[in-house]
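Notes follow once the structure below has been shown.
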Amino acid sequence: MEIWKYQISDTTAIMKLFYDTIHEINIRDYTKEQVDAWAPANMNTEAWINSLKSKFTYVAEEGEHIVGFGELEANGHIDRFYCHKNFQGKGVGTKILEAIELKARCLGIKKLFTEASITAKPFFLSKKFIVIKEQKVERRGQILINFVMEKTF
């Protein structure tokens with residue numbers, strides 16, 4: 001598995017991975033209406049490019065397929081963090097998080113934080129993140145539960 005920094009040519013595969021993961025993995029913990037609101041079929045490619053470029057975005061590749069990605073913001077926030085539906089539990093998230101943590105240390109960031117889905121919460125707990133609070137967020141008229149989590153170095 002290789003990890004690299006995001007390139008614009010990765011965008012379509014990342015968007016598909018995001019959509020597929022939410023609709024086929026997160027559906028275990030959320031309703032169809034919630035996942036449709038979270039990952040709609042008509043996502044804006046240009047908005048994705050601008051968002052991915054504005055952060056430290058790391059991409060995981062296995063056998064010429066993008067199998068995960070994660071985004072670090074300069075304040076320590078981990079924004080989107082997703083692993084391909086067929087590569088859950090195979091170390092992809094661990095490798096991406098290792099790259100994010102290394103970058104955070106290089107930037108002098110002392111604390112990482114994220115809003116983890118119900119589905120992602122066990123992964124982040126296993127990586128020594130703690131739950132700060134449960135929260136409800138609105139996405140396109142749907143209310144979703146997630147967890148504010150953080151890890152201090």
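Just checking, how many residues over the range 46-71 are within 17 Å of Ile8 (Cα to Cα) and part of a strand (DSSP E or B)?
Qualifying residue count, the range 46-71: 13.
Can Thr45 be described as touching a residue at least 40 places away in the same chain (Cβ under 8 Å) and among the hydroxyl-bearing types (Ser, Thr, Tyr)?
no
Is it the case that the range 61-84 has a residue that's polar (S, T, N, Q) and either modelled with pLDDT under 95 or under 24 Å from Pro40 (Cβ atoms) (or both)?
No, the range 61-84 contains no residue that is polar (S, T, N, Q) and either modelled with pLDDT under 95 or under 24 Å from Pro40 (Cβ atoms) (or both).
From the list Phe87, Phe129, Phe153, exactly one residue is crowded, with 17+ Cβ neighbours inside 10 Å and either touching a residue at least 24 places away in the same chain (Cβ under 8 Å) or in contact with a helix residue (DSSP H, G or I) (Cβ under 8 Å, 6 or more places away or on another chain) (or both). Which is it?
Among Phe87, Phe129, Phe153, only Phe87 is crowded, with 17+ Cβ neighbours inside 10 Å and either touching a residue at least 24 places away in the same chain (Cβ under 8 Å) or in contact with a helix residue (DSSP H, G or I) (Cβ under 8 Å, 6 or more places away or on another chain) (or both).
Pairs only if they're at least six apart or on different chains, beta carbon under 6 angstrom, first in the range 27-42 and in contact (Cβ under 8 Å) with a residue 40 or more places away in the chain, second among the aliphatic types (A, V, I, L, M); list them, first residue then second.
Cβ pairs passing all conditions: Asp29/Ile118; Gln34/Leu144; Trp38/Ile22.
Mind listing whichever residues of the range 107-148 are basic (Lys, Arg) and under 30 Å from Asn42 (Cα atoms)?
Lys121, Lys136, Arg139, Arg140
Quick one: count up the residues across the range 95-114 that are within 25 Å of Ile145 (Cβ to Cβ) and either among the aliphatic types (A, V, I, L, M) or surrounded by fewer than 16 Cβ atoms within 10 Å (Cβ to Cβ) (or both).
Residues that pass the stated criteria total 5.
Looking only at the range 51-84, filter to residues that are touching a helix residue (DSSP H, G or I) at 6+ places or on another chain (Cβ under 8 Å) and basic (Lys, Arg); which one of those is nearest to Ala39 (Cα to Cα)?
My answer is Arg80.
The values are calculated or read from the model by the stated rules, or taken from the named source; none is laboratory data. Model, not experiment: these values are computed from the prediction. Cβ sites come from the backbone with ideal geometry, for glycine too, and all protein chains shown count toward neighbours.
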